[in-house]
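This report refers to the structure that appears directly beneath it.
The values are calculated or read from the model by the stated rules, or taken from the named source; none is laboratory data. Everything numeric in this text was worked out from a predicted model, so none of it was measured. Note: ideal-geometry Cβ built from the backbone for every residue, glycine included; neighbour counts use all protein chains shown.
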2 protein chains.
Amino acid sequence: MKSSATGCSVEEAMRLLGGRWRLLIVSYLLDGPKRFSELRRDIPAISQRMLTLDLRAMEEAGFVKRTVFPTVPATVEYELTADGARLVPVVEVMPTFGLWLKERDARREPTSP
Amino acid sequence: MKSSATGCSVEEAMRLLGGRWRLLIVSYLLDGPKRFSELRRDIPAISQRMLTLDLRAMEEAGFVKRTVFPTVPATVEYELTADGARLVPVVEVMPTFGLWLKERDARREPTSP
DNA sequence: CTGCATCCTTTGGGATACTG
DNA sequence: CAGTATCCCAAAGGATGCAG
């Protein structure tokens, strides 16, 4: 039993990060604090609803800090917390794999099956 | 723009690995070839249906090789391919994070909310 | 600008029963 | 043993409209 011992921790991790957007959001927060609208521009494909939900979930999980500036209209900044920094290894390994995957698939299906 | 450039690769990766079980399955295949029934024992919570579906998907993705031995009753072995080995960094980072997460949450909610 | 509420569609996944 | 097929439910996620 090498990796086997770590079994359900993988489930734990995937339950928290398994969504379609969370790791992506985190990857953009690596740059430093970002406003809601900045994140929307960074990730055009996400709906505003999901961005809100995921940010809220990660805030509750303690990975993201939300700061509201009482301007008008409202301004809100999101940033990674110290706990959120624990996600860095995870968000780094994903694009590495993802890029390799895209290249490989480009080689696999040059024209059509 | 540091990490921003890698954007949609994260989506690619999550689309392939985002399910609840795939990374877990891979983590058990790290030990070497495994039979279908072995995997079921390793991951009691998975339904036989999902194990089949996920294995099939990863086979099609080229990460897993399926070998049928014409015994009776049938014997089938699954093992990681060379491409599947690319998943190793991913499946390693997950339990690391997952374990830390469980410990932290144990500290967070020692008794009850 | 930020975000909540509602409605709706799609997907993931479990249970069960049946087959080579 | 290793599947396949069906049915069904819950969760994820998109679209839109309203509000502080």
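Annotations for the structure displayed:
- All positions within the range B:46-57 that are surrounded by 14 or more Cβ atoms within 10 Å (Cβ to Cβ) and of a type outside the set (A, V, I, L, M): B:Asp54
- Taking each residue of the range A:14-36 that is among the small types (Gly, Ala, Ser) and looking for partners that are near DNA strand C (Cβ under 10 Å from one of its atoms) with beta-carbon atoms closer than 8 Å, six or more apart or interchain, yields A:Gly18/B:Gly18; A:Gly18/B:Gly19; A:Gly18/B:Arg20; A:Gly19/B:Gly18.
- Total residues in the range A:27-45, condition surrounded by fewer than 16 Cβ atoms within 10 Å (Cβ to Cβ) and of a type in the set (A, V, I, L, M, F, W, C): 1
- Per-region count, the range A:30-45, residues in a helix (DSSP H, G or I) and at the interface with chain B (Cβ under 9 Å from one of its Cβ atoms): 1
- Selection within the range B:24-45 - among the aliphatic types (A, V, I, L, M) and touching a Gly at 6+ places or on another chain (Cβ under 9 Å): B:Leu24, B:Val26, B:Leu29, B:Ile43
- Verdict on B:Asp54 being near DNA strand C (Cβ under 10 Å from one of its atoms) and among the acidic types (Asp, Glu): yes
- The residues of the range B:42-73 that are within 9 Å of DNA strand D (Cβ to nearest atom) and modelled with pLDDT of 95 or more, listed by number, are B:Ser47, B:Gln48, B:Arg49, B:Leu51, B:Thr52, B:Leu53, B:Leu55, B:Arg56, B:Arg66, B:Val68, B:Phe69.
- Among the residues of the range A:61-81, those identified as within 11 Å of chain B (Cβ to nearest Cβ) and surrounded by fewer than 20 Cβ atoms within 10 Å (Cβ to Cβ) are A:Ala61, A:Gly62.
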